[in-house]
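Dumping the structure here so I can ask a few things about it.
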Amino acid sequence: MFKKLSVSTLVFGLAAGAFMIDASGADAAGKRQFIAIGTGGPTGVYFVTGNAICRMVHRAAAEGRSKGRKHGIRCSAPSTGGSNYNIQQIKDGELDFGVAQSDWQYHASNGSSKWKGKQFKKLRAVFSVHPEPFQIIARGDSGINGWNDLKGKKVNIGNPGSGQRGSADLMIKAAGWTKKDFKLATELTSTEQSKALCDGKIDAYIYSVGVPNAGVSIATDGCGAKITNFNGALAKKFVTKANPFYAWANIKKGTYKTTTSDVQTWGVKATFVTSADVADNVVYEVVRAVFENLGEFKKLHPAFKNLEPKTMIKDGLSAPLHKGAAKYYKEKGWM
Ligand code: GLU
């Protein structure tokens with residue numbers, strides 16, 4: 001009893017401190033809502049994306065309070081296992097929103113690939129964010145210069161639930177390989193893989209992430225790892241008209257210390273998704289907070305540099321658009 005009391009006093013104390021002028025607002029009216037956004041590993045760009053979205057939501061809340069426009073939404077964006085984990089948790093009602101690769105948005109929504117027999121019909125698209133090129137990151141002394149060289153090597157294929165793992169499984173299959181074709185296939189998280197590479201525990205890892213990424217730079221700038229080209233026969237099997245969620249991509253020379261020329265590869269887009277069960281007004285307010293503050297949002301990570309409403313509301317979105325998001329885009333005359 002005592003414990004319970006002290007916890008709620010603490011929560012109240014924090015809330016009162018952070019939202020002082022809101023004393024008679026959303027909370028008192030019982031309208032305060034908490035939303036959770038699934039992201040990825042703490043060193044990835046999804047984690048920044050989710051937390052940047054929350055920051056804009058709280059910013060809109062603060063601005064709204066001073067103008068008498070209250071949405072009452074409080075937001076958190078914990079680190080998670082990544083794309084497929086997030087989609088599954090949204091499906092299970094454990095998360096309200098999540099960041100997910102465009103390929104996994106497509107497959108979950110259509111019940112294809114890994115989502116065969118588990119179709120998530122209520123999956124809804126909100127907007128897309130930054131491009132995520134598929135990257136083969138290899139030790140400088142590994143002799144790995146592309147996909148074919150991964151055979152017989154120690155390769156991290158990613159933790160189950162991550163977007164890169166789902167995609168790596170498809171690549172392995174499309175190449176006609178199994179995990180046995182590697183000397184070792186590890187399932188490390190994105191946070192562990194660069195250190196494992198620098199320590200010589202793995203020769204390479206496969207990762208889909210926004211550019212630049214601090215986690216990748218631990219391997220490139222920290223111990224001389226290289227990002228190889230990935231645009232040969234295998235990539236060509238994926239980047240086809242039948243797979244609109246894949247596109248050719250390049251990583252510019254100079255991005256990392258070892259990026260001495262442009263890297264040619266292919267990839268997906270990071271997208272922001274939710275469920276049809278999440279209320280229209282909640283999605284509307286989250287979307288509004290991001291787009292009304294897009295200039296600020298873009299400053300929060302260099303991977304957001306080229307974001308524009310026109311492409312964000314279209315590219316990489318294959319699930320139906322959530323009604324709350326569509327309402328805002330129509331109001332803006334973007335749709
Ligand atoms: N693309 C990765 C995934 O879907 C996440 C990358 C990141 O954390 O930025 O799991």
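Of all residues in the stretch 203-226, which are closer than 17 Å to Val268 by Cα and not in a loop (DSSP other than H, G, I, E, B)?
Ile206, Tyr207, Ser208, listed by residue number.
Restricting to the stretch 228-246, name every residue that is free of Cβ contacts under 8 Å to residues at least 60 places away in the same chain and either closer than 14 Å to Asn145 by Cα or not polar (S, T, N, Q) (or both).
Listed by number, the residues that qualify are Asn231, Ala233, Lys236, Val239, Lys241, Ala242.
Name the single residue, out of those in the stretch 63-97 being among the charged types (D, E, K, R) and open to solvent by 60 Å² or more (accessible area, probe 1.4 Å), that is farthest from the ligand (Cβ to nearest atom).
Lys67
Please enumerate the residues belonging to the stretch 231-255 that are touching a strand residue (DSSP E or B) at 6+ places or on another chain (Cβ under 7 Å) and either away from the ligand (no atom under 16 Å from the Cβ) or closer than 19 Å to Ser83 by Cβ (or both).
Selection gives Asn231, Ala235, Phe238, Val239, Phe245, Tyr246, Ala247, Trp248, Ala249, Asn250.
So Lys114 passes all but one of these: (1) surrounded by 20 or more Cβ atoms within 10 Å (Cβ to Cβ); (2) touching a helix residue (DSSP H, G or I) at 6+ places or on another chain (Cβ under 7 Å). Which condition number does it fail?
(1)
Also, quick follow-up: Among the residues of the stretch 166-184, are any open to solvent by less than 20 Å² (accessible area, probe 1.4 Å) and without any contact (Cβ under 8 Å) to a residue 24 or more places away in the chain?
yes
Hey, can you tell me all the residues within the stretch 227-245 that are assigned to a loop (DSSP other than H, G, I, E, B) and open to solvent by less than 20 Å² (accessible area, probe 1.4 Å)?
Once the filter is applied, which keeps residues that are assigned to a loop (DSSP other than H, G, I, E, B) and open to solvent by less than 20 Å² (accessible area, probe 1.4 Å), the stretch 227-245 yields Thr228, Phe230, Phe245.
Can I ask one more? Taking the conditions exactly as written (farther than 18 Å from Val263 by Cβ and away from the ligand (no atom under 11 Å from the Cβ)), does Asn156 satisfy them or not?
Judged against the criteria, Asn156 is a match.
Check the stretch 200-220 and report whether any residue there is in contact with a Cys (Cβ under 9 Å, 6 or more places away or on another chain) and farther than 19 Å from Asp169 by Cβ.
yes
Being among the aliphatic types (A, V, I, L, M), buried (at least 16 other Cβ atoms within 10 Å of the Cβ), modelled with pLDDT of 95 or more and closer than 19 Å to Val45 by Cβ, is that true of even one residue in the stretch 145-163?
no
Taking the stretch 84-113 on its own, how many of its residues are part of a helix (DSSP H, G or I) and closer than 17 Å to Ala242 by Cβ?
Here the count works out to 9.
The values are calculated or read from the model by the stated rules, or taken from the named source; none is laboratory data. All figures in this text were calculated on a predicted structure; none of them were measured in a lab. Note that each Cβ is placed from the backbone with ideal geometry, even for glycine, and that neighbours are counted across all protein chains shown. The area values use the complete protein model at the heavy-atom level, side chains included, leaving out ligands, DNA and RNA. Shrake-Rupley method; radii C 1.70, N 1.55, O 1.52, S 1.80 Å.
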